[in-house]
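A.B. asks: Take this structure, written in structure tokens, and hold onto it; I'll ask about it next.
The values are calculated or read from the model by the stated rules, or taken from the named source; none is laboratory data. As the structure is a computational prediction, the values presented were derived from the model and not from experiment. Cβ: placed from backbone, ideal geometry, glycine included. Neighbour counts: every protein chain shown.
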Amino acid sequence: MSKLSPEASSLHEATFANAKGSEGVKSYAQQELMKLSGIQEPGELIRIVQELVQHQLFRTLKAERTLYWAPRSKEVAASLSNLDNDERLIYEAIENSETTGIWLKRLKQNTGVAPGNVNKIIKKLESSQLIKSIKSVKSPAQRIYMLFHLAPAEDVTGGSFFDSGDLDEGLVEELGNLIVFHVRSQSWVEVKPTRSRHDRNTSPVDVDAEDGGKAGTKRKRDSTTGDDAAAPNKRRQPEPVITQVAFPAGSRGYPTADSIHSFITNSNAIRESKAASITIREVQEILNVLVWDEKLEKVGNGYRTVMGVKFRPPGSYDADGIEEIVGNGLTEAPCGRCPVFDLCAPGGPINAGNCVYFEQWLKA
Amino acid sequence: MSSQLIEVCSQVISYHYGETSRQIFEALARNGRTTLETLKALKLRKTPLSRIKTSLAQLIQHRLVRHHTDDRSDTYYSVDWHGAYGLLRTGRTILLIESRLGEKAAGVVAMVLQIGHCTVGDLAGVFDFDENGLSKRSNGADTPVQNGNGQVNGDHGSGHHDPKQIGSLAELHHILRKLLRAGFLMKLGLRSFKPNADIEDEIGTLVMEENFPDGKITGPKKQAEFKRSVDSLKRKWRDDAEYSERRDVEGGANLVRPGMDANKRQKLNGGLANGHSSHNDEADFSGPKLPNDMSIGVNLDKCVVAMRSEHLVNHAQHYLGHITAGVYRALLSVLEPKVRSVREDLVHYDDEDEEEEAQPVASVMEIAEHVDPYLDLAAGISGAKSHLPNGGPKAKRKVSIEYDNDFGDIGVKKEVDSDDEGTNGYSSMRSKNRRLDLIEQHLKLLEEHDKEFCRRPGAAGQSEWRVNFPVLSKTLVDAEIDTTIDRRFGPAAVRVARMLRQEGKLEEKGVAQKCLKQVKDIRAILAQMQAAGFLESQEVPKDQYRQPTRSLYLWFFDKKKVAQLVLHQAYQGIARCLQRMDVEQEKFQQILDKRERLRATNPDAARSFIIGKTGMLEEGGAPLSGVEKQQLALWRETQEKLLTQVRRLDDVVAVMRDFTGKDVTMTT
Ligand code: SF4
């Protein structure tokens, strides 16, 4: 092959330098090439471009009847000129799939290269570091190939929460905990746990001779006016301990997705490279999950932790993570968890009388 | 009708009214409306007619069966589902009323429940007052008193005046009026015993005759008109049937009007801080009397309203703490008398906004009257100053306010009740306003919360509050479902359920992505929930051949279906608990029989009441040997455990079926 002309070489360098730094594949239409090269004569430009294409330094793309050209690196071009036709077909098909990658099966279908050959070619291209195999979150079972020097697109990797195609649940968990920790500190005024401020039993009012220990307040309303309204529970259980006090309604200091995002990227609880890659959208995804988990609740534009929600000190490991769940009448009754629930009927072989689950439950 | 519900109802009926009644009820429940002849031919061939008649009469007396006689004078009987299921709630009903209107009122209701329905005269007869209207009895067996753990001790026999006992006829009337006004008791008319379907027919015919003499209601316009007329006549009948102080009380015209009442109450409330009622009870019973021939019965719908309030308060407490929940309780207490029933089937709303508009409102003043004066409102909101006067530390010596060291640093003081009402009371205007202000702040917290516990309907500045019951009832349903899912399938499943409720239909991968879970984990959860009926999936073929392998599966959460599922499982749970109780009881039969005999021979022994199997009051305790007492205690424990479970299951039923008022499975 003839040597590259200086004009062609300078155009390649200009485009290659220009494309550097931009993500993915950058391509140029005629107008842009004219600007970059300073060549105003279309015939002249076409000649140069053709020369570059021949040298594998440009590849041609077509979109909506317009042609575009994308530069390749000199090294790649050099290896390409050593490929045979089939190999080049395969390479170009992979190259055209850009940062999404292409599925092996599709590759076989689209190129028309004999299937037996494809595997061999793939192996060769892989070993010469022209292509690589990647894993897509969307279809983890498929073998997908992409140019070696490209980074897979976010919808292929799944974003920051994915580690080579697998959801990094540990990371999600850690981030969730970190967010709860952060949000909680700004949601409630924490108060030193302490007993209710007075003990009713010692209150003189409760000893109401007329009424046998009923809270006097209610008595008053009842008998004076015949009022029919509810009064607070009269025989009180000890009052719940107050540990969290709400900010007045209308407070707007609650963290938002934005502020939480900047907290995460600036905190050093998460690996720096990871933290940097996390987007606001991804933070929002975790926030949604935390709301569904009833760890956070929305207030205005921000979030606050649901009262009483706990968090692990960030960085520590879950030691006593078992949160106590209170069920309802259904789930706490033996029948609510019964494996033969649908078979159980009075008079049938399985019935409430001979039921072993009840036996255990009553003994418990 | 679900067979589980029939099981529950017949179980309860058999317990209270015996086997024949149960058979009749079950036959009616399974066959719908039936005449006496068919009834006998159907299920009860061997039972003598007289027995059937007695049992039927008893069922009608207790409003478990309704009847209707048509033009050909055939009488049809059909079951009253609400009445029958309501038997399960009698104990709870009594407790709810006790907490609202006091022990004496609860005692009266307990009695009405035992009799079924009755006239005012009958009820007075039970009390056996002398000519002066004072009680002749020295014991209070009729007015059971509850203590904390659901046991009722009616210890009596003492000669002195028992405060728990209704002392005079005037007092009884006073209490009855109070109960009627609050809606816990209701006036019963002839129509109260008819099946709703027949009443509806009757109304339809009447409207037809009057407004559409040509007998045609074709076309949408005429149909709408017909519907309107039917609804307005229904409303009229209902309003006519309702208790009204003006109409139903002898000499009702010169009654104190409610407005005046409120003023008086407010003054008293403002003046007395610790609610010591200084006047005595007898002073107030001089009100008018109810006619002796008025029929009364317990209004179960109103009890549902009260139950709903309790659930909402608990829900609010979970999210905002007990102080804010205390204010919420007060708001609900104000609204409760203004809510007739959870069911507003006679009004049709075009949309949810309109429905909300129709909900009653409460002013912050009214709410303030109902807020527990002991509630430390300031402790619930950061930065709020206490409404109690003399908040500064220097006041320590002047007023009996003590500082708890633990509270010192958050500026909350420990209040000690003072005998001197003047010092401790909200005597100054400023502290009164301060209190209103704090109450309002709590209301705003409730309003601000994602669940919108309450709202301000009016223009800004006007402090009126409303609770959107229809929406919140749905919130409670969701919460109950989520609890069930949580316990059965774990927290990840709750995440999936909530997510799908919000996002609609999604493919497996979409579910995993939104929930930030591995696809394989999600797949397991989805399959598990689907098998249990908690999730649905829909097949969407990708090509015209509809190959299953090439189809897409969209997952979604069918709220209505799941709610029904949970409801029916709760019914079945209740039925099983009750059935198990029968079996357990047999084990203790000997000792129970002995107690029975002892009781019969020794009527003077101290008696006590417990809330029995189905929540009705039962008597317990009699002289027995140590071992026997242990046995009895063991039985009690078993019973207690099963009953608690039944009560909790009933909570699930109430949430799933009753609170929204939209349930149609129990119409008679
Ligand atoms: S009674 Fe026993 S067998 Fe029947 S549903 Fe309940 S737990 Fe299951």
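A.B. asks: Using the structure shown, decide if B:Glu584 is surrounded by 17 or more Cβ atoms within 10 Å (Cβ to Cβ) and touching a Phe, Trp or Tyr at 6+ places or on another chain (Cβ under 8 Å).
C.D. replies: yes
A.B. asks: Next question. Any residue in region B:554-570 that is more than 29 Å from B:Val653 (Cβ to Cβ) and in contact (Cβ under 8 Å) with a residue 12 or more places away in the chain?
C.D. replies: For region B:554-570, residues more than 29 Å from B:Val653 (Cβ to Cβ) and in contact (Cβ under 8 Å) with a residue 12 or more places away in the chain: present.
A.B. asks: Applying the selection to region A:47-72, what residues are exposed (fewer than 13 other Cβ atoms within 10 Å of the Cβ) and not hydroxyl-bearing (Ser, Thr, Tyr)?
C.D. replies: Across region A:47-72, the qualifying residues are A:Lys62, A:Ala63, A:Glu64, A:Arg65.
A.B. asks: Out of (1) under 26 Å from the mean Cα position of the chain (by Cα); (2) within 12 Å of chain A (Cβ to nearest Cβ); (3) under 26 Å from A:Ala249 (Cβ atoms); (4) not in a loop (DSSP other than H, G, I, E, B), the odd one out for B:Leu438 is which?
C.D. replies: (1)
A.B. asks: Of these, A:Lys274, A:Lys363, which one is at negative phi and either modelled with pLDDT of 85 or more or away from the ligand (no atom under 16 Å from the Cβ) (or both)?
C.D. replies: Of the residues listed, the single one that is at negative phi and either modelled with pLDDT of 85 or more or away from the ligand (no atom under 16 Å from the Cβ) (or both) is A:Lys274.
A.B. asks: Hey, another quick one. Criterion first (at pLDDT below 85, within 11 Å of another protein chain (Cβ to nearest Cβ), away from the ligand (no atom under 16 Å from the Cβ) and more than 25 Å from B:Ala570 (Cβ to Cβ)) does A:Gly300 satisfy it?
C.D. replies: Judged against the criteria, A:Gly300 is a match.
A.B. asks: Also, quick follow-up: Return a yes/no flag: does region B:531-539 have any residue that is away from the ligand (no atom under 16 Å from the Cβ) and within 14 Å of another protein chain (Cβ to nearest Cβ).
C.D. replies: Yes, because at least one residue in region B:531-539 is away from the ligand (no atom under 16 Å from the Cβ) and within 14 Å of another protein chain (Cβ to nearest Cβ).
A.B. asks: Hey, B:Phe453 hits all of (1) surrounded by 18 or more Cβ atoms within 10 Å (Cβ to Cβ); (2) assigned to a helix (DSSP H, G or I) but one; which does it fall short on?
C.D. replies: Unmet for B:Phe453, out of (1) surrounded by 18 or more Cβ atoms within 10 Å (Cβ to Cβ); (2) assigned to a helix (DSSP H, G or I): (2).
A.B. asks: If you scan region A:309-337, which residues turn out to be within 10 Å of the ligand (Cβ to nearest atom) and either modelled with pLDDT of 85 or more or surrounded by fewer than 16 Cβ atoms within 10 Å (Cβ to Cβ) (or both)?
C.D. replies: A:Pro334, A:Cys335, A:Arg337 - these are the residues of region A:309-337 that are within 10 Å of the ligand (Cβ to nearest atom) and either modelled with pLDDT of 85 or more or surrounded by fewer than 16 Cβ atoms within 10 Å (Cβ to Cβ) (or both).
A.B. asks: Determine if region A:137-150 includes at least one residue that is of a type in the set (Val, Ile, Thr), modelled with pLDDT of 80 or more and farther than 30 Å from B:Cys515 by Cβ.
C.D. replies: No: region A:137-150 contains no residue that is of a type in the set (Val, Ile, Thr), modelled with pLDDT of 80 or more and farther than 30 Å from B:Cys515 by Cβ.
A.B. asks: Only residues that are under 26 Å from B:Thr38 (Cβ atoms), outside any helix (DSSP H, G or I) and out of contact with any Gly (no Cβ under 8 Å at 6 or more places or on another chain): list them for region B:77-106, please.
C.D. replies: B:Tyr77, B:Val79, B:Asp80
A.B. asks: Another one. Can you name the condition, by its number, that B:Lys385 falls short on among (1) under 30 Å from B:Ser244 (Cα atoms); (2) among the charged types (D, E, K, R); (3) at pLDDT below 85?
C.D. replies: Answer for B:Lys385: the failing condition is (1).
A.B. asks: I would also like to ask the following. Which residues, counting only those in region B:579-589, are facing another protein chain (nearest Cβ under 10 Å) and away from the ligand (no atom under 11 Å from the Cβ)?
C.D. replies: B:Met581, B:Asp582, B:Glu584, B:Glu586
A.B. asks: A further question follows. Out of region A:346-360, which residues are of a type in the set (A, V, I, L, M, F, W, C) and more than 8 Å from the ligand (Cβ to nearest atom)?
C.D. replies: Of everything in region A:346-360, nothing turns out to be of a type in the set (A, V, I, L, M, F, W, C) and more than 8 Å from the ligand (Cβ to nearest atom).
A.B. asks: For region B:532-551, does any single residue satisfy the condition of being among the basic types (Lys, Arg) and not assigned by TED's automatic domain parsing to the domain that holds B:Arg487?
C.D. replies: no
A.B. asks: Assuming A:Phe58 fulfils every condition listed in (1) modelled with pLDDT under 80; (2) touching a strand residue (DSSP E or B) at 6+ places or on another chain (Cβ under 6 Å) apart from one, which condition is it?
C.D. replies: All conditions pass for A:Phe58, except number (1).
A.B. asks: Which condition does B:Met499 not pass, out of (1) part of a helix (DSSP H, G or I); (2) in contact with a helix residue (DSSP H, G or I) (Cβ under 7 Å, 6 or more places away or on another chain); (3) over 30 Å from B:Glu355 (Cα atoms), if it passes all the others?
C.D. replies: (3)
A.B. asks: Working carefully through the options B:Gly573, B:Gly533, B:Gly510, find the one that is touching a helix residue (DSSP H, G or I) at 6+ places or on another chain (Cβ under 9 Å), assigned to a loop (DSSP other than H, G, I, E, B) and small (Gly, Ala, Ser).
C.D. replies: It is B:Gly533.
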